[in-house]
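The values are calculated or read from the model by the stated rules, or taken from the named source; none is laboratory data. Owing to the predicted nature of the structure, the values given are computational and were not obtained by experimental measurement. Note that each Cβ is placed from the backbone with ideal geometry, even for glycine, and that neighbours are counted across all protein chains shown.
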Amino acid sequence: MKNTFYYQDAYRQTFSAEIVHSSQDKQGPYIVLSNTAFYPTGGGQPHDTGWIEDVEIINVENIEGEIRHYTAEPTALTGTVSAKINWARRFDHMQQHAGQHILTAAFVELFGYQTVSFHLGTEIVTIDLDTPAITEEQLLAAQARANDIILENRPIDTKWVTKDELSTYTLRKDVAVEGDIRLVIIPDYDYNGCGGTHPSSTGQVQLIQILETEKMKGGIRVHFVCGKRITEQLAMRKEVLSDVARQLSVPEREAASALEKVMVAAKQTDKALADARESLLQFEAKELVAQGETIIASVFEKRTIQELQKLARFITQENPDTMALLVANNADKLQFVAARGADVKTSMKTISTSVLPLINGKGGGNDALVQGGGDHIIAASDLLAHMQAVL
């Protein structure tokens with residue numbers, strides 16, 4: 001593999017090669033070339049895309065010792081062909097991958113935190129650190145150290161060595177590969193076995209920006225971007241911030257504090273509305289109980305199951321000799337609640353057991369209160385009639 005064009009020169013964008021053969025596997029039709037500058041998926045780095053003649057290459061994989069260039073449709077190409085990789089995609093991957101090496105090495109150098117996994121996504125890059133917690137100060141320190149290495153514009157070298165020669169290098173982590181081993185080296189900073197493509201100097205990474213962290217399987221996942229992706233992230237965040245500031249009618253610098261005030265006010269309003277709904281349900285329960293019936297049965301339009309449950313509890317609390325049979329006719333399903341007061345002995349489970357099959361429904365509860373819902377197979381009024389008939 002060390003003789004492939006992408007290892008000989010990571011900056012090579014065009015090349016000519018012979019078509020060895022074309023075939024198809026479960027991933028689709030593909031072309032195998034005598035040599036290639038297309039990087040196949042591997043080592044955390046996504047595959048290249050591009051073109052062989054005018055045929056678009058949508059995926060590249062190293063399978064069974066050959067590099068397969070996948071196309072959308074089978075092709076009739078033969079002989080010597082010209083090819084071109086999607087350079088914008090390749091260089092972005094080179095920036096992000098080199099940035100990962102630099103940032104990972106910073107965490108190791110400063111805090112001894114090893115990277116246990118790496119993912120290069122279409123927008124964000126992540127590394128998982130083997131530490132259960134990390135501080136904001138540590139993140140800023142690692143980011144600053146990484147950006148210092150970038151600013152120094154150190155060379156990024158590659159070298160093929162044998163397993164026996166590894167002992168002469170201070171590697172960041174053990175290498176499990178047998179045979180020829182490819183090292184990516186930032187002198188006096190990072191020595192690491194890696195099969196990816198990288199720029200020739202750290203300065204071409206441009207900048208590293210950590211975006212956020214999250215806990216992940218006992219470790220910490222760090223989200224970051226490098227190079228051009230920082231500009232894209234900045235543009236996206238600027239657009240969002242400007243929109244928020246405009247809607248709040250405040251300068252961008254005041255958007256966070258203004259939004260916090262809005263959120264506090266919204267929570268207060270939500271609580272006030274919830275209290276008001278509770279009061280209305282209590283008032284409604286009193287009115288229903290005032291009718292003097294021992295079985296209060298009603299059909300409602302567009303009531304949530306939570307509202308039915310609260311209303312049923314208020315009714316049975318108001319009069320412990322009462323049973324409440326409530327049905328809601330909602331857009332997606334029929335729902336019901338059956339509840340009994342403290343002085344009623346009838347089990348509400350008999351109601352749910354009887355009516356759930358009528359609506360292909362599911363439900364649950366106990367002897368004092370049951371609830372359920374199902375399909376609109378029968379009318380809401382018919383469901384209520386069935387519930388009453390059980391009693």
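Taking the range 369-383 on its own, how many of its residues are in a loop (DSSP other than H, G, I, E, B) and not aliphatic (A, V, I, L, M)?
Result for the range 369-383: 2.
Which one is surrounded by the most Cβ atoms within 10 Å (Cβ to Cβ) among residues in the range 164-194 that are free of Cβ contacts under 8 Å to residues at least 24 places away in the same chain and aromatic (Phe, Trp, Tyr)?
In this case the residue turns out to be 191.
What residue, of 311, 326, 281, 288, is surrounded by 13 or more Cβ atoms within 10 Å (Cβ to Cβ), in contact with a helix residue (DSSP H, G or I) (Cβ under 8 Å, 6 or more places away or on another chain) and either more than 18 Å from residue 380 (Cβ to Cβ) or in contact (Cβ under 8 Å) with a residue 60 or more places away in the chain (or both)?
After applying the criteria, what remains is 281.
Got a number for residues in the range 363-386 being under 20 Å from residue 301 (Cα atoms) and either charged (D, E, K, R) or outside the structural domain of residue 324 (by TED's automatic domain parsing) (or both)?
Here the count works out to 2.
Given the residues 145, 89, which is the only one that is closer than 30 Å to residue 26 by Cβ and assigned to a helix (DSSP H, G or I)?
89
Considering 305, 208, which residue is under 33 Å from the mean Cα position of the chain (by Cα) and under 30 Å from residue 185 (Cβ atoms)?
So the residue among 305, 208 that is under 33 Å from the mean Cα position of the chain (by Cα) and under 30 Å from residue 185 (Cβ atoms) is 208.
Is it fair to say residue 197 is more than 20 Å from the chain's Cα centre (by Cα), at pLDDT 90 or above, buried (at least 18 other Cβ atoms within 10 Å of the Cβ) and hydroxyl-bearing (Ser, Thr, Tyr)?
Answer is yes for this residue.
If you go through the range 1-53 one residue at a time, how many are hydrophobic (A, V, I, L, M, F, W, C), crowded, with 19+ Cβ neighbours inside 10 Å and not in a strand (DSSP E or B)?
Total meeting the criteria: 4.
Tell me, please, whether a residue that is among the hydroxyl-bearing types (Ser, Thr, Tyr) and in contact with a Gly (Cβ under 8 Å, 6 or more places away or on another chain) can be found in the range 343-351.
no
Being within 30 Å of the chain's Cα centre (by Cα) and closer than 28 Å to residue 143 by Cβ: is that true of residue 27 here?
Judged against the criteria, residue 27 is not a match.
Within the range 243-259, is even one residue in contact with a strand residue (DSSP E or B) (Cβ under 7 Å, 6 or more places away or on another chain) and surrounded by 15 or more Cβ atoms within 10 Å (Cβ to Cβ)?
No, the range 243-259 contains no residue that is in contact with a strand residue (DSSP E or B) (Cβ under 7 Å, 6 or more places away or on another chain) and surrounded by 15 or more Cβ atoms within 10 Å (Cβ to Cβ).
Checking the conditions here, which among 209, 143, 204 is of a type outside the set (Phe, Trp, Tyr), modelled with pLDDT of 95 or more and closer than 23 Å to residue 9 by Cβ?
On inspection, the qualifying residue turns out to be 204.
In the range 148-163, is there at least one residue being without any contact (Cβ under 8 Å) to a residue 60 or more places away in the chain, in contact with a Leu (Cβ under 8 Å, 6 or more places away or on another chain), of a type in the set (S, T, N, Q) and surrounded by 13 or more Cβ atoms within 10 Å (Cβ to Cβ)?
No, the range 148-163 contains no residue that is without any contact (Cβ under 8 Å) to a residue 60 or more places away in the chain, in contact with a Leu (Cβ under 8 Å, 6 or more places away or on another chain), of a type in the set (S, T, N, Q) and surrounded by 13 or more Cβ atoms within 10 Å (Cβ to Cβ).
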